[in-house]
Amino acid sequence: MRNPARWVATLGLTATAVCGPLTGASQATEATPSALYAPSALVLTVGHGETAALAAPERAVTLDCATRPVGTHPAPLAACAELLGAGGDPDALQAVGDVLCTREYRPVVVTVDGVWQGRRVSYERAFGNECVRNSHGAFFAF
């Protein structure tokens with residue numbers, strides 16, 4: 001069973017990320033270019049634990065890569081570029097560079113929920129600790 005707190009946080013942030021750009025759309029006099037792109041709005045959460053079901057979300061960010069990278073993610077441009085380079089598959093993102101991390105086991109789980117180029121995304125990945133998570137590039141470093 002999924003963690004109810006994570007589900008509520010994800011649902012609220014997804015609604016904000018997807019519906020936020022729609023506010024005031026009825027006042028627009030001409031079509032916006034963003035209507036020509038498939039939606040790519042994601043909500044990423046992180047919490048300590050081995051699975052999302054056992055970990056309470058400690059932080060959540062939004063990432064919208066549809067027309068231009070925006071959101072509450074600290075590095076939306078780099079995160080969108082990495083995900084685009086991985087074909088939209090967060091599992092394809094590997095550790096970058098020569099990052100040295102301790103072998104301390106304090107598991108961290110990241111979830112990704114939303115839409116990527118019109119496709120529904122629901123993803124979960126556990127890392128051994130914060131350092132290992134952050135070594136996998138800007139997408140996971142939030």
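The values are calculated or read from the model by the stated rules, or taken from the named source; none is laboratory data. Everything quoted here is computed from the prediction, not taken from an experiment. With ideal geometry, Cβ positions are generated from the backbone for all residues, glycine too; neighbour counts draw on all protein chains shown. What goes into the accessible areas is simple: the full protein's heavy atoms, side chains included, and nothing from ligands, DNA or RNA. Shrake-Rupley method; radii C 1.70, N 1.55, O 1.52, S 1.80 Å.
Here are some notes:
- Considered as a group, the residues in the stretch 51-69 that are part of a loop (DSSP other than H, G, I, E, B) and of a type in the set (Gly, Ala, Ser) include one that is farthest from PRO107 (Cα to Cα), and that residue is ALA66.
- Residue among ALA78, ALA38, ALA25, ALA60 that is modelled with pLDDT of 60 or more and either over 14 Å from the mean Cα position of the chain (by Cα) or among the aromatic types (Phe, Trp, Tyr) (or both): ALA38
- In the stretch 95-128, the residue that is nearest to the chain's Cα centre (by Cα) out of those that are open to solvent by 20 Å² or more (accessible area, probe 1.4 Å) and closer than 14 Å to ALA141 by Cβ is ARG125.
- Taking the stretch 70-87 as the range and being surrounded by 15 or more Cβ atoms within 10 Å (Cβ to Cβ), out of contact with any helix residue (DSSP H, G or I) (no Cβ under 7 Å at 6 or more places or on another chain) and part of a loop (DSSP other than H, G, I, E, B) as the test, the residues that pass are THR72, ALA75.
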